[in-house]
1. For the stretch 54-87, give me each residue that is hydrophobic (A, V, I, L, M, F, W, C) and either under 20 Å from ILE144 (Cα atoms) or in contact (Cβ under 8 Å) with a residue 24 or more places away in the chain (or both).
2. Test each condition in (1) modelled with pLDDT under 90; (2) within 17 Å of the chain's Cα centre (by Cα); (3) among the polar types (S, T, N, Q) for ASN162 and report the one that comes out false.
3. So, of the residues in the stretch 101-121 that are buried (at least 17 other Cβ atoms within 10 Å of the Cβ) and more than 18 Å from TYR79 (Cα to Cα), which turns out to be nearest to the chain's Cα centre (by Cα)?
4. Being part of a helix (DSSP H, G or I) and surrounded by fewer than 16 Cβ atoms within 10 Å (Cβ to Cβ) is the filter here, so list the residues in the stretch 70-95 that pass it.
5. Would you call GLY80 more than 14 Å from LEU54 (Cα to Cα) and modelled with pLDDT under 95?
6. Would you pick out the residues in the stretch 122-134 that are exposed (fewer than 15 other Cβ atoms within 10 Å of the Cβ) and at pLDDT below 90?
7. Select, from GLY145, GLY140, the only residue that is touching a residue at least 24 places away in the same chain (Cβ under 8 Å), in contact with a Leu (Cβ under 6 Å, 6 or more places away or on another chain) and buried (at least 16 other Cβ atoms within 10 Å of the Cβ).
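The values are calculated or read from the model by the stated rules, or taken from the named source; none is laboratory data. Values in this document were obtained by computation on a predicted structure and should not be read as measured data. Note that each Cβ is placed from the backbone with ideal geometry, even for glycine, and that neighbours are counted across all protein chains shown.
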Amino acid sequence: MRMRTDGDISGVRIALCKAVLVRDRRLGVHGINEEIAVSLDLENRNPAYRLGRLFSVLEDAQRNAVGTQIKATIRDRYYGAASATPAAIFPVLVRYAHNHLSKLRKEKPGLAVVLEREIGDIIDGMDSQFPRSLRLEDQGRFAIGYYQQARSRFDRKADSDNGSEQ
């Protein structure tokens, strides 16, 4: 609830979400049956995890299209609602993403293709519609998916920066 209200999705809060899910799995809590990966899991089919990943990619598309002059990212405006009621929010976010990707195709066509492929890969692994709501445990999975996707993007950028320095 706290992450939904103030939008703070720091690494510490994500680690706490993961710890609760791991503890619940160990204790045999009903509905908690999968292992939570340490890093980005491209094969994870959990809808909440995939939605978190998708949210991160949509945010990346927005940041690359609009740049630093943006007042509020989709994370600032929609994180709480997207993690709780995805069916109400994700159609809007995907529509926004089409506008951002259109702008990127003109300015950075290679990046637009990469982001479109990522979005397609994530959505291809989901059901035919977005879930109406996510339980609290699934909101934790959403946060983990978001954070791991964002972290992998930063790791890739750091690797490419290190490669260009050598």
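1. LEU54, PHE55, VAL57, LEU58, ALA61, ALA65, VAL66, ILE74, ALA81, ALA82, ALA84, ALA87
2. The number of the failed condition is (2).
3. Looking only at the stretch 101-121, we keep the residues that are buried (at least 17 other Cβ atoms within 10 Å of the Cβ), and these are 101, 104, 112, 115-116, 118-119.
From what's left, more than 18 Å from TYR79 (Cα to Cα): 101, 104, 112, 115-116, 118.
Details: LEU101: 17, LEU104: 20, ALA112: 17, LEU115: 13, GLU116: 14, GLU118: 11 Å.
Going through the qualifying residues, I end up with GLU118.
4. ASP76, ARG77, ALA81, ALA87, ALA88, PRO91, VAL92, VAL94, ARG95
5. On the way: more than 14 Å from LEU54 (Cα to Cα): yes; modelled with pLDDT under 95: yes.
Judged against the criteria, GLY80 is a match.
6. If the condition is that a residue be exposed (fewer than 15 other Cβ atoms within 10 Å of the Cβ) and at pLDDT below 90, then ASP127, SER128 are the ones that fit.
7. After ruling out the rest, the residue left standing is GLY140.
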